[in-house]
Amino acid sequence: MTKESDVHIEAKLAEITALTRLNSRQRERIRSLLGNPGGQEFELFKDFIGLTPAQARLLIAEEYFRRFKPDRIDPVLFNLEMVLESLPSSRSWLGLDSNIKTFLKTREKHFSWLAASQARAVSGQISMDFPEKLNERLTQGIDFWDKMRYLLEALPQQREFKDKHATNLQQPKRGWSFETCDLCWRTLPVNPELRKKTGRLCFEHDLPATDPVYRRHKRLKAQVDSAYREVLQRLKPQYPPSLSNEAIAGRLQIELTSPESVLPNLVKHLQAVGHDGRPESLLLAFHGPFPKGLKAVYQEAMGTFFQDALKYPYVFTLDELTLAEVWLQALKTDRRRKQPA
């Protein structure tokens with residue numbers, strides 16, 4: 001990478017930092033975005049900051065119509081209402097990405113049919129403003145949706161920018177927020193109605209600041225942040241945007257259970273915890289193991305999280321997998337103190 005490109009990337013990062021704070025992992029995701037095709041949509045990426053998945057969905061659809069005017073090709077199948085109907089709203093970013101992928105599969109067949117019809121048609125028999133560029137325009141439209149998936153992957157998601165607050169196990173009226181522990185990779189349920197300016201800590205690390213386990217993880221956090229990018233770069237090529245849902249499931253199975261995995265420390269950890277290879281069992285091992293005596297409301301909240309995660313081919317996000325591997329590597333190589341993860 002040249003000095004000029006470094007300066008360019010840092011300038012872009014500064015633009016995002018002016019909109020919201022970024023931690024080191026979020027900065028690396030945005031750096032990666034600027035080096036792939038999604039980086040061409042940086043201005044639109046800035047518009048996503050602070051939006052909910054439902055709002056981002058509408059913005060993407062409206063931008064698609066503004067640029068490509070697909071209703072000129074087929075006003076019945078390509079009006080905004082029909083596109084939004086084919087692209088269901090989602091409460092999660094992972095759900096929105098999955099819905100875009102499904103939308104593309106159904107629409108690609110129609111794109112192909114239109115292109116073939118145009119090729120067979122005699123000039124002037126199809127009423128369009130740009131018949132000679134139809135194939136190019138259709139390809140550009142598909143590329144646009146692919147780029148949107150890159151943007152969603154790099155987006156500093158809303159839940160990561162809430163004020164820090166400790167887990168509160170009082171049942172929330174409007175549902176749980178699920179966040180990543182500050183001192184490991186596990187997900188924890190948070191009541192968004194009861195915010196406190198304290199750390200987000202899972203059941204394993206909700207400890208006094210003087211506790212040896214707490215102090216060890218706090219000390220290793222900087223090492224984890226610095227190693228994050230290297231592991232993500234090993235993992236990311238395994239999951240190109242073109243991967244089918246079935247291929248995703250198979251790849252995740254290898255990643256979490258096989259000696260061929262690029263996440264060897266995570267594989268060993270999950271083996272030690274115990275699982276039967278099914279997604280439900282792997283989720284429990286990854287975010288647990290939950291100790292005896294853990295409050296029922298915590299277990300019920302995590303059950304809700306698991307049910308939602310199992311709806312999508314990406315049962316685990318690449319961020320979660322990377323973070324787990326980096327933490328486990330740091331704990332493995334740390335010789336100053338032997339404490340459980």
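The values are calculated or read from the model by the stated rules, or taken from the named source; none is laboratory data. Since the structure is predicted, the reported quantities are computational estimates derived from the model, not experimental observations. Positions of Cβ are generated from backbone atoms using ideal geometry, with glycine treated the same way; all protein chains shown enter the neighbour counts.
List the number of the failed condition for residue 66; all other conditions in (1) over 25 Å from residue 232 (Cα atoms); (2) in contact with a helix residue (DSSP H, G or I) (Cβ under 9 Å, 6 or more places away or on another chain) hold.
Against the list (1) over 25 Å from residue 232 (Cα atoms); (2) in contact with a helix residue (DSSP H, G or I) (Cβ under 9 Å, 6 or more places away or on another chain), residue 66 comes up short only on (2).
Name every residue in region 12-28 that is among the hydrophobic types (A, V, I, L, M, F, W, C) and either over 16 Å from residue 319 (Cβ atoms) or not in a loop (DSSP other than H, G, I, E, B) (or both), in order of residue number.
13, 14, 16, 18, 19
Among the residues of region 213-272, write down those that are of a type in the set (S, T, N, Q), touching a residue at least 12 places away in the same chain (Cβ under 8 Å) and either crowded, with 19+ Cβ neighbours inside 10 Å or on the phi > 0 side of the Ramachandran plot (or both).
Listed by number, the list holds a single entry, 265.
Taking the criterion of being closer than 24 Å to residue 316 by Cα, among the aliphatic types (A, V, I, L, M) and at pLDDT 85 or above, would at least one residue in region 155-178 satisfy it?
no
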